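Structure first, then comments.
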Amino acid sequence: MRIVALDVGSSSVRAVAYDEHGRAEPGDAHIAYDELDADHLVQACRSVLAQVGDGDALAISCFWHSLLAVDEQDRPLTPVLTWRDVAGEPPPLDAMEYHRRTGCFLHPAYWPAKLVRLAHEGVDAARYLSFGDYLLLRLAGEARTSVSTASGTGLFDPNRLRWDEETLAALGLDASRLAPVSDEPVAGVWPALGDGACSNVGAGCVVPGRAAVMIGTSAAARVVRAQDSVDPRGGLFLYRVDDSRFCEGGALSDGGNLHAWLRRTLRDIDTSQIAERPAAAHGVRFMPFLGGERSLGWNPRRHGAIEGLTFATTPLDIAQAALESVCYRLADVLDAIGDVSSVVATGGGLLANEAWLQVLADVLGEPVEVSGVAEGSARGAAVVALERLGLPVPDAPVARIVEPRPDRHEIHRHVRNEEQPDTNAFVNTDV
């Protein structure tokens, strides 16, 4: 049995082949891109698949929340819109009730605000697809959306496993203009799963007490719950892995992209030694909202800020404060999740930065297990496919454990207590 996994991200795509035990073959294929043109992305996917070769099945992980408007011949009318496209206002819905039904927020990262915006711009779409749906259409001839992908749109009820009628009614949208929801494969290709869900599965974080903390382009902390139903909780999203497992957590719009911004803005600043500097001794407070706020406040109009600058402040002080601030926000999400007994670090932005890993452990005050899986989302997609084929998959490997330093944890804990994040901001409908 050979499973080929395709990991489609917002900046690159990678194909990896796995055997029946979930072990990656050597020689994956990778292509980066700058523009999110749907057909260009499809061609990039075809190219990496050709390099890796055929398998017995194709499993796909694709970035959550993407939206593509297509005409009656399924030709794209728009670029692929992502969570980073935050122009537009959501329809007038009760924010608390909307979150209770959909597990999502009245935030323009989700489809409702984008659909309102496209209507105002006069986009006359026959239907709306995620990029994963469109990719399945081009590879296998039929557009379907998985339960996982649908749960990240903001139009889906993850408990009732169907499109949310009240949200569709507020948008004047009929479900026939959306891809049918199905987890069944088409010509050997499984409908794409959300990349965050795949990341948890790939890293072995599939029980409620075991959280995946990921820093890639963005950042997130998530747990998986195998339950019949779950009530959405304040500040936390509630999506799906599949029809038997939920994915709960929080996402930050600033992660590896913030680190890249620091390097550009501070002239290739080297952050490799920040863990050896005194913790939070710079006196700088960095608010990591350059991309707006998602968890826990879900305020797209919130912006980044730096407080406490003096003539003695150095570029490294600013960079250290910025990376510490991301860890503080991830800790806030983990606190909101609650009952987390172990944390696994994953994502290229975190696994490639030893200093950031150490700061994360210091902030949490708990050991951080470093995932031994190089491509968590790709492996997760392959593991779900193997599970559906009835094949057992061994546990995900852990490369090492980063231990916290108690003295530094106390300093970070004091700083976090001073900040007191507003975990109830999501109830504000003025977004």
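The values are calculated or read from the model by the stated rules, or taken from the named source; none is laboratory data. Predicted, not measured: the structure shown is a model, and the values here were computed from it. No Cβ is skipped: glycine too gets one built from the backbone with ideal geometry, and neighbour counts run over all protein chains shown. All accessible areas refer to the heavy atoms of the entire protein, side chains included, with ligands and DNA or RNA removed. Shrake-Rupley method; radii C 1.70, N 1.55, O 1.52, S 1.80 Å.
Just a few scattered comments:
- Taking region 268-284 and a reference point 7 angstrom along Cα→Cβ of Glu354, the backbone N atoms nearer than 20 Å belong to 269-279.
- Equivalent ellipsoid dimensions for region 308-431 as semi-axes, Å, which come from the Cα gyration tensor, largest first: 32, 20, 15
- Among residues other than Val344 with Cβ under 10 Å from its Cβ, the summed charge is 0 (Lys and Arg +1, Asp and Glu -1).
- Taken per residue, the accessible surface of the chain reaches 39 Å², heavy atoms only and a 1.4 Å probe.
- Restricting region 178-249 to chymotrypsin sites (Phe, Trp or Tyr not before Pro) that sit in a DSSP loop and have at most 15 other Cβ atoms within 10 Å of their own Cβ leaves nothing.
- Region 150-210 - convex hull of alpha carbons, volume per residue in Å³: 113
- Inter-probe distance in nm under a simple model that places probes 7 Å from Cα toward Cβ, at Ala87 and Gln73: 2.7
- Percent of Cα pairs in region 234-383 per distance bin of 10 Å, from zero to the largest separation: 10, 37, 38, 13, 3, 0.
- Counting protein heavy atoms only, the chain has 48 percent of its accessible area on carbon and sulfur, 1.4 angstrom probe.
- Cα convex hull, region 105-193: 96 Å³ per residue, rounded to a whole number.
- Look at (1) 4, 16, 23, 23, 16, 10, 6, 3, 0; (2) 5, 23, 33, 26, 12, 2, 0; (3) 4, 18, 21, 16, 13, 11, 8, 6, 2, 0: the one that is P(r) over Cα pairs in 10 Å bins from 0, in percent derived from this structure is (2).
- Here the dipole of region 60-111 is about 220 debye; that uses its Cα centre as origin and unit charges on the Cβ of Lys and Arg (positive) and Asp and Glu (negative).
- One way to sum up the overall shape of region 24-135 is the equivalent ellipsoid from its Cα gyration tensor, whose semi-axes run 31, 17, 12 Å, largest first.
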